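Structure, as structure tokens:
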Amino acid sequence: MAVDVGHYYGEPGVISASGRAEFEYNLELASQLKGLLNEAGLKVRMIGERGDYAILHYRTRDAAGADLFVSIHHDSVRLSQLPHAHRFSGFSLFVSRKNPQADKSLACASAIGAQLRAAGFTPSRYHADPVLGENRPFADEINGVHYYDNLTVARSAAMPAVLVEAGVIVNPAEEARLRDPRLRERIARAIASGVLACLP
Ligand SMILES: [Zn+2]
């Protein structure tokens, strides 16, 4: 399978409440996830860990042959909501109905969400909110999975693909939690368990 580190050094994604780039969070969590999947006997191809992937569809191209593509990200909120960022927290998962294996993508996303919930994490409702968020329809509301059909890495992948937003790093309290290595390990373990549950 392939684990993708969201963003790259040139455009490192969200800038957190404390000023740290999302790419750094993504790299730490993705590396830990890779280690846990390796321990479980899975072969993992890391994509973008050197921070040099500027072109999105190269990520899925270079993952060719993998049975699942999981892209690791950390979340923000829209500009108008940044002053209220403390109100937003939790994980979100995204799949595309344009992925050639959309059903399997959703099954894997639901499995990851179920394991995150079992580990005590709560899905964010931000992206589905029609007013404060992006009005993205839930694909599996209980497990925090949304449809995001034009999401490049989910759509361009030949294999099932899931994008994980592990938490909201523009929320200062949530960022502080996400910096805790023990909490990061719990997230990584939950994602790994979901992956193992959905792969044959
Ligand atoms: Zn991101």
Select from the range 74-110 the residues that are of a type in the set (Gly, Ala, Ser), within 18 Å of Pro137 (Cα to Cα) and not in a loop (DSSP other than H, G, I, E, B) and list them in ascending order. Ser92, Ala102, Ser105, Ala107, Ala109, Ser110
Of all residues in the range 47-92, which are closer than 23 Å to Arg179 by Cβ, more than 15 Å from the ligand (Cβ to nearest atom) and small (Gly, Ala, Ser)? Ala85, Ser89, Gly90
Being among the polar types (S, T, N, Q), assigned to a loop (DSSP other than H, G, I, E, B), touching a helix residue (DSSP H, G or I) at 6+ places or on another chain (Cβ under 6 Å) and over 22 Å from Lys34 (Cα atoms): is that true of Asn143 here? yes
Count of residues meeting criterion [assigned to a loop (DSSP other than H, G, I, E, B) and either among the hydroxyl-bearing types (Ser, Thr, Tyr) or within 14 Å of the ligand (Cβ to nearest atom) (or both)] in the range 11-46: 6
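A short reminder: the numbers here are calculations on the coordinates, not readings from a lab. Keep in mind that what you see is a predicted model, and the values were worked out from it rather than measured. A quick note on method: Cβ atoms are made from the backbone with ideal geometry, for glycine too, and the neighbour counts reach across all protein chains shown.
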